[in-house]
Amino acid sequence: MIGLQLYAVVPVTKGGSKRPRALARQNRNRGACGLCGTKGKLSKSHVPPRCAGNRGHVERFTIVTDHNQRAQRSPARIGGVHFFGLCARCNSELQGRWDPAYCELAQALRRFAVGDSLHLPTQQVQLPNVAIYPGAIARCVLASAFALTPNLRELHPALASQLIGGQPLQLPQNMSLYFALTPGPRGRITGAIGGYYIFRPKIAEKNVGIMTLAQIYFPPLAWQVADGAESTLLGLQGWRDVSDWCAHEETDRADLATLVDALPLVIHPWHENDPQDWLELLSDENCFIIETENALPTDAKTGS
């Protein structure tokens with residue numbers, strides 16, 4: 001059970017029912033595909049990919065609200081973190097094509113998944129010299145964003161078309177792709193959501209916070225598809241803007257340490273010691289929220 005969380009635009013179940021309402025609509029397996037817009041049966045999209053450790057043993061908790069709009073977790077379910085946001089074709093032919101590049105990066109950095117989230121280093125950690133596919137990784141994360149945020153295709157149809165057609169990617173104005181590292185075992189994956197600290201000092205007269213279209217905290221990798229101008233927390237924590245990865249073809253190979261020499265090790269604000277200072281705003285019609293507490297890969301837990 002988690003503590004209280006404050007939400008805006010969180011209606012109760014229709015008909016006045018006091019039964020908890022899921023903010024993450026992971027059981028809604030019919031609708032419009034987040035990428036191509038085809039209406040029909042949606043397929044199960046694992047975010048991040050299963051080969052990145054998001055499989056069988058990983059438990060997921062759906063965030064639900066009661067009749068007083070208090071947020072709490074549903075019972076745990078095994079099988080990894082997944083959502084019904086893409087049609088079978090987009091899930092297999094597009095997302096599935098980019099998954100191996102993402103998993104290769106997660107494998108190269110998996111040692112950062114093991115750590116103490118209560119004692120994060122203040123300095124950024126140096127990254128190894130490994131070859132990666134930055135264009136394919138960026139496409140994998142952006143496709144996940146379209147799966148996580150049901151109305152993203154309506155907001156940015158040109159970007160969806162570029163992903164589907166294999167064209168060079170041009171991120172919309174005020175959208176950036178941010179990258180960091182996160183330790184296990186806790187993870188949090190959401191669609192479009194805003195959050196900020198209520199009482200902490202402001203930066204440039206703004207509350208320290210995030211305005212994101214999608215966020216993925218699943219060790220060892222953390223991503224934000226966010227508005228940099230409104231996401232002061234990312235700058236404060238030292239997240240790296242890797243939007244230029246979108247300019248790479250999906251087959252381009254590049255050295256990680258050349259692209260990004262170092263990254264911060266971060267956790268989601270809701271996983272800090274005192275999350276009561278953190279306020280989140282969302283619409284439950286346009287946001288999935290799922291958490292996990294055992295996101296470490298099996299071999300990382302055993303040390304093998």
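Structure above, values below:
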quantity	calculated
Neighbours by Cβ (under 7 Å, 6+ apart or cross-chain): first from region 254-269, closer than 13 Å to TYR133 by Cα; second of a type in the set (Val, Ile, Thr) and buried (at least 21 other Cβ atoms within 10 Å of the Cβ)	ALA254/ILE132; LEU256/ILE132
Some residue of region 283-299 being within 18 Å of LEU177 (Cα to Cα) and modelled with pLDDT of 90 or more	no
Answer from ILE210, ILE132, ILE203 - the residue that is surrounded by 14 or more Cβ atoms within 10 Å (Cβ to Cβ), more than 23 Å from VAL58 (Cα to Cα), touching a helix residue (DSSP H, G or I) at 6+ places or on another chain (Cβ under 9 Å) and without any contact (Cβ under 8 Å) to a residue 60 or more places away in the chain	ILE210
Test result for SER161, surrounded by fewer than 20 Cβ atoms within 10 Å (Cβ to Cβ), modelled with pLDDT of 95 or more, in a helix (DSSP H, G or I) and of a type in the set (Ser, Thr, Tyr)	yes
Residue within region 135-158 that is among the polar types (S, T, N, Q), within 14 Å of the chain's Cα centre (by Cα) and in a helix (DSSP H, G or I) present	yes
Of all residues making up region 159-186, the number that are of a type in the set (S, T, N, Q) and under 14 Å from the mean Cα position of the chain (by Cα)	2
Number of the exception - ASP244 against (1) under 21 Å from the mean Cα position of the chain (by Cα); (2) open to solvent by 10 Å² or more (accessible area, probe 1.4 Å); (3) at pLDDT below 95	(3)
Those residues of region 252-269 which are within 17 Å of GLN237 (Cα to Cα), surrounded by 14 or more Cβ atoms within 10 Å (Cβ to Cβ) and touching a strand residue (DSSP E or B) at 6+ places or on another chain (Cβ under 6 Å), in sequence order	VAL260, LEU263, PRO264, LEU265, VAL266, HIS268, PRO269
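The values are calculated or read from the model by the stated rules, or taken from the named source; none is laboratory data. These numbers were taken from a predicted model, which means no experiment stands behind them. In this analysis, Cβ positions are derived from the backbone assuming ideal geometry, glycine residues included, and neighbour counts consider all displayed protein chains. What goes into the accessible areas is simple: the full protein's heavy atoms, side chains included, and nothing from ligands, DNA or RNA. Shrake-Rupley method; radii C 1.70, N 1.55, O 1.52, S 1.80 Å.
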